[in-house]
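A.B. asks: The structure's right below; bear with me while I get my questions together.
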Amino acid sequence: MSAVAATSVGQPVADLELSRAWLVDPAGGREGPGEIIVTNGVLEAVNWLEGDEAAGVDERGVVVAPAFTDLHAHFREPGNEAAETIATGTAAAAHGGFGTVCLMPNTDPPVDGREGMARLDSVVAGLSSPVRVLAYGAVTARSAGEELAPLGELADAGVVGYSDDGSPVRSAAVLRSALLYGGMLGLPVVDHPEDLGLTSGAEAHEGLVATVLGLRGWPAAAEAAAVGRDLAVLADVLADEPRARLHLTHVSTAPALDLIRSAKAARLPVTCDIAPHHLALSDEWLAGSRRWAWEAVDSVGRARDPWTDGSLVAAPFDSSLRVNPPLRSPEDAAACLAALLDGTADAVATDHAPHTSVDKDVEFGLAANGISGIETALGLLIAGVDAGRLPLLRAIEAMTLGASRVLGDRIGPGSGLVEGEQATLVVFDRADSWEVSPTNLLSLGKNSPLLGLELPGRVLLTIVDGQFAYRDRSLDA
Amino acid sequence: MSVGLEREPSQAVEPASGQSDSGGAGRAAERPTWPHRHLLDTDVLTGGDVELVMATADAMKQVLARPIPTVPALRGRNVTLLFYEASTRTRVSFEVAGKNLSANVVNIATAASSVTKGESLVDTVRTLEALGAQLLVIRHGVSGAPYLAARHFGGHIVNAGDGWHAHPTQALLDLYTIRERLGQSLAGRKVVVLGDVLHSRVARSNVWTLTAAGADLWLCGPATLLRGFEAWARVGAAGRRFTVTSDVNAALRDADVVMALRVQRERMASALVPSLREYAARFGLTAERLELARPEAFVMHPGPMNEGVEIAPAVAEGPRSVITTQVANGVAVRMAVLQLLAGRVA
């Protein structure tokens, strides 16, 4: 590749010319060999190569795609800036290939009114990164689950939807009101589906691994029960407010995905996303396995026994694996992949949840839930692509077009390669890998279970609205 | 990364099959070496490792039979007991074991330490190491806590019980007690673990050792207290198979060994058991139920007991009970474990 006249992150891209790369254009539904030219930050030309010109360019090398959108991220500002700030979070996002992030409102204090949005806007205004920072507002005041937050005020302040993430919307009655009121305002409710009555004290997905390790079980039924409740409430409000929209985030189990598949077949206005760790990892990792979820099932899709086949290579109880919802069985991970392939899942969202070592380097059952994942999402998906489990185009769609399907045009332009627009691109090298290490992670949250592993798909450039958000060091050599 | 599990290079020799038990201290020449830095659970112990513990415990039992039951094996070494949960028998058992080996035994009562000021486990472990702890015996209410400690401690960790997960010295003393009566091989012997299996670290550690010894293992209790174990039994982790049932009569029929587990009052608050009375009526180990077992069957309990709930007083104190033998053997087995681990730094 040939790059690049402009120098530092945040500066306008004066010139970028990439010849003989693999272009992926989800909005156009097209991928193939091509070249792009960016002039003064504008995507000047997208040329698809044919015949002899295309010879030798394949999807295994340098890939150019629209920069990704993350529907679900936690930056910890305000309240826990030692875990992540908006500045460090956007830097991490750009390193992961993301040009747009949608922040969950469960900061301290939460974004539950226009004061919270004003606070966020003032931080974003001072940001040098061009990464687009969007925000959800809380569904309920103080995210306490009781009274509605000022949803209209939040809409006026520019939120892209409402969520009490970290917890489910506690009562079906409040969810019902939020769907009606949010629908009236044209905004979705994003629910974290969990029946808290079934997960009190839970530590790990209820199944073989939790049983052997003596961890308190977190049943799949807790997710399916909550999804069932949410879908019933959604179906109920549509007659009164046809614009009601429900998005279910980080869905992780086969039974919950089956409910969503049926609901979509019945044309309920529901969307959902899956986190990359629920696709690529499984609860085996808690016992010390480090193989991908698709390697942990046999030819008929049943989970293998990691104690028998020698795949336990690390010490058990690594608290960086503690996450809500928990890492599920290999069969559930396979169901997540199937849902992504058949469109039941609209998007992949990272649920990036950075934590300090104070909150994470403790006993498994006392550790904070969450994985710092915005920089490793692409690598986990590419691992699936490399294994032949996921087409590259679908993987990219899930982090671009998928978000647009959920949030519509509120996330701004950029799920395609469109000549004449401000460039919003990611350039990554599928053939190159990088080691996940505390130094290489730009997030302040070093709580990744992938530390020490090599991930495929090294991001070289992330460009947002014509400006560099990330440049790999190798380009400066 | 895998410090807790990794087998260090060794010349470990599997004992020849059919080797008689009670090899004792006199067989040192052909004895395999101990390859583990810590004892965190029984899942990683090979047959050879278990034989070594049993043989060393035999030698320790001979020591305990002396008028002054003390040897200088750990003289000058520091054994620190860090107990985050209340315990009498296990803590005292380790304390006596350490003192019998001439170790300096330090007892940390967590209620009186800076733990109550919010010090993390990692900081506590590092502090104890700086204060000279070489063997750290940890009891903790959270499953996996000793594995975290092992990542941050330069010496040896013995897990004295973590959450619902493991209690390896209890499983080893249970195995020792069973073998004293049934011999080295448990092939074809029916061993029943009866009670609150779900919350039991004793049951989990015993699954590994008893299945490895060839026992026909049955886990029995109300369905609410067996949750998840059917999956384990079906997959048979590492090829280890056992039977799970709520049918107490089927479990006890022709049993060679019956091990009752404590049922705690808290289980009713979490809607797992309707009442202790109902539990006792349906699952309590009574003299009448014990008639289903083999005539020579014996009864075990890891303690502390709720007499009249999971075990009838007449059974706990009856002629078939080996419960006090378990306690006595516990000292020998813990002496063996401390000796084998600390031998590494000798």
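A.B. asks: From the list A:452, A:412, A:445, A:457, which residue is at positive phi, more than 14 Å from chain B (Cβ to nearest Cβ) and at pLDDT 95 or above?
C.D. replies: Among A:452, A:412, A:445, A:457, only A:457 is at positive phi, more than 14 Å from chain B (Cβ to nearest Cβ) and at pLDDT 95 or above.
A.B. asks: Another question, if that's okay. Taking residue A:334, is it more than 15 Å from the chain's Cα centre (by Cα), surrounded by fewer than 24 Cβ atoms within 10 Å (Cβ to Cβ) and in a loop (DSSP other than H, G, I, E, B)?
C.D. replies: On the way: more than 15 Å from the chain's Cα centre (by Cα): yes; surrounded by fewer than 24 Cβ atoms within 10 Å (Cβ to Cβ): yes; in a loop (DSSP other than H, G, I, E, B): no.
Taking the combined requirement at face value, the residue does not satisfy it.
A.B. asks: Evaluate segment A:241-250: report whether one residue or more is over 26 Å from the mean Cα position of the chain (by Cα) and more than 14 Å from every other protein chain (Cβ to nearest Cβ).
C.D. replies: Yes - at least one qualifying residue is present in segment A:241-250.
A.B. asks: Inside segment A:224-261, can you point out the residues that are outside any helix (DSSP H, G or I) and closer than 17 Å to residue A:163 by Cβ?
C.D. replies: Taking segment A:224-261 and keeping what is outside any helix (DSSP H, G or I), we get A:238-253.
Correct list: A:244, A:245, A:246, A:247, A:248, A:249, A:250, A:251, A:252.
A.B. asks: Return yes or no: is residue A:359 open to solvent by 10 Å² or more (accessible area, probe 1.4 Å), part of a helix (DSSP H, G or I) and more than 14 Å from chain B (Cβ to nearest Cβ)?
C.D. replies: When the stated conditions are applied, residue A:359 does not pass them.
A.B. asks: Could you tell me whether residue A:310 is within 14 Å of chain B (Cβ to nearest Cβ), at positive phi and open to solvent by 20 Å² or more (accessible area, probe 1.4 Å)? Please lay out each step first, then the result.
C.D. replies: Details: within 14 Å of chain B (Cβ to nearest Cβ): yes; at positive phi: yes; open to solvent by 20 Å² or more (accessible area, probe 1.4 Å): yes.
Here the answer is yes, as residue A:310 does meet what is asked.
A.B. asks: For residue B:108, state whether it is within 14 Å of another protein chain (Cβ to nearest Cβ) and in a strand (DSSP E or B).
C.D. replies: no
A.B. asks: Next up: Going through B:240, B:253, B:265 one at a time, which residue ends up being within 22 Å of residue B:170 (Cβ to Cβ), of a type in the set (Lys, Arg) and more than 14 Å from every other protein chain (Cβ to nearest Cβ)?
C.D. replies: Exactly one residue qualifies, and that residue is B:265.
A.B. asks: What number goes with the only condition from (1) at pLDDT 95 or above; (2) farther than 17 Å from residue B:220 by Cα; (3) over 18 Å from the mean Cα position of the chain (by Cα) that residue B:331 does not pass?
C.D. replies: For residue B:331, the exception is condition (3).
A.B. asks: What are the residues in segment A:200-221 that are open to solvent by less than 20 Å² (accessible area, probe 1.4 Å), aliphatic (A, V, I, L, M) and within 11 Å of another protein chain (Cβ to nearest Cβ), if any?
C.D. replies: Hits for segment A:200-221 are A:204, A:209, A:210, A:212, A:213, A:215.
A.B. asks: Looking at (1) open to solvent by 10 Å² or more (accessible area, probe 1.4 Å); (2) within 14 Å of chain A (Cβ to nearest Cβ), can you tell me which one residue B:248 breaks?
C.D. replies: Looking at each condition in turn, residue B:248 falls short on (2).
A.B. asks: Condition check: touching a Leu at 6+ places or on another chain (Cβ under 7 Å), within 30 Å of residue B:239 (Cβ to Cβ) and away from chain A (no Cβ under 14 Å). Does residue B:80 satisfy that?
C.D. replies: No, not satisfied.
A.B. asks: Now, a different point. Given the condition over 23 Å from residue A:346 (Cα atoms), under 18 Å from the mean Cα position of the chain (by Cα) and in contact (Cβ under 8 Å) with a residue 24 or more places away in the chain, answer yes or no: does some residue in segment A:128-138 qualify?
C.D. replies: So far as segment A:128-138 goes, no, none of its residues is over 23 Å from residue A:346 (Cα atoms), under 18 Å from the mean Cα position of the chain (by Cα) and in contact (Cβ under 8 Å) with a residue 24 or more places away in the chain.
A.B. asks: Do we have residue A:197 as within 11 Å of another protein chain (Cβ to nearest Cβ) and part of a loop (DSSP other than H, G, I, E, B) here?
C.D. replies: no
A.B. asks: Right, next: Report yes if some residue within segment B:288-309 is acidic (Asp, Glu), more than 14 Å from chain A (Cβ to nearest Cβ), surrounded by 15 or more Cβ atoms within 10 Å (Cβ to Cβ) and in contact (Cβ under 8 Å) with a residue 60 or more places away in the chain; otherwise report no.
C.D. replies: Let us first name the residues in segment B:288-309 that are acidic (Asp, Glu), namely B:288, B:291, B:296, B:307.
With the extra rule that they be more than 14 Å from chain A (Cβ to nearest Cβ), the set shrinks to B:288, B:291, B:296, B:307.
Keeping just the survivors that are surrounded by 15 or more Cβ atoms within 10 Å (Cβ to Cβ) gives B:307.
Going one step further and asking which of them are in contact (Cβ under 8 Å) with a residue 60 or more places away in the chain, we end up with none.
Among the residues of segment B:288-309, not one is acidic (Asp, Glu), more than 14 Å from chain A (Cβ to nearest Cβ), surrounded by 15 or more Cβ atoms within 10 Å (Cβ to Cβ) and in contact (Cβ under 8 Å) with a residue 60 or more places away in the chain, which makes the answer no.
A.B. asks: So, of the residues in segment B:69-100 that are more than 17 Å from the chain's Cα centre (by Cα) and among the hydroxyl-bearing types (Ser, Thr, Tyr), which turns out to be least open to solvent (accessible area, probe 1.4 Å)?
C.D. replies: Here the residue is B:80.
A.B. asks: Restricting the search to segment B:123-148, which residues are surrounded by 24 or more Cβ atoms within 10 Å (Cβ to Cβ) and either in contact with a His (Cβ under 8 Å, 6 or more places away or on another chain) or not assigned by TED's automatic domain parsing to the domain that holds residue B:82 (or both)?
C.D. replies: Passing the criteria: B:125, B:135, B:136, B:143, B:144, B:146.
A.B. asks: Here's something else I'd like to know. Identify, from the list A:198, A:208, the residue that is under 30 Å from residue B:239 (Cβ atoms) and hydrophobic (A, V, I, L, M, F, W, C).
C.D. replies: Residue meeting the stated conditions: A:208.
A.B. asks: Select from segment B:157-196 the residues that are within 14 Å of chain A (Cβ to nearest Cβ) and acidic (Asp, Glu) and write down the one among them that is surrounded by the fewest Cβ atoms within 10 Å (Cβ to Cβ).
C.D. replies: Within segment B:157-196, the match that is surrounded by the fewest Cβ atoms within 10 Å (Cβ to Cβ) is B:196.
The values are calculated or read from the model by the stated rules, or taken from the named source; none is laboratory data. These figures come from a predicted structure and were not determined experimentally. Quick reminder, even Gly has a Cβ in these numbers, built from the backbone with ideal geometry, and neighbours come from all protein chains shown. Only protein heavy atoms, including side chains, enter the accessible area calculation; ligands, DNA and RNA are left aside. Shrake-Rupley method; radii C 1.70, N 1.55, O 1.52, S 1.80 Å.
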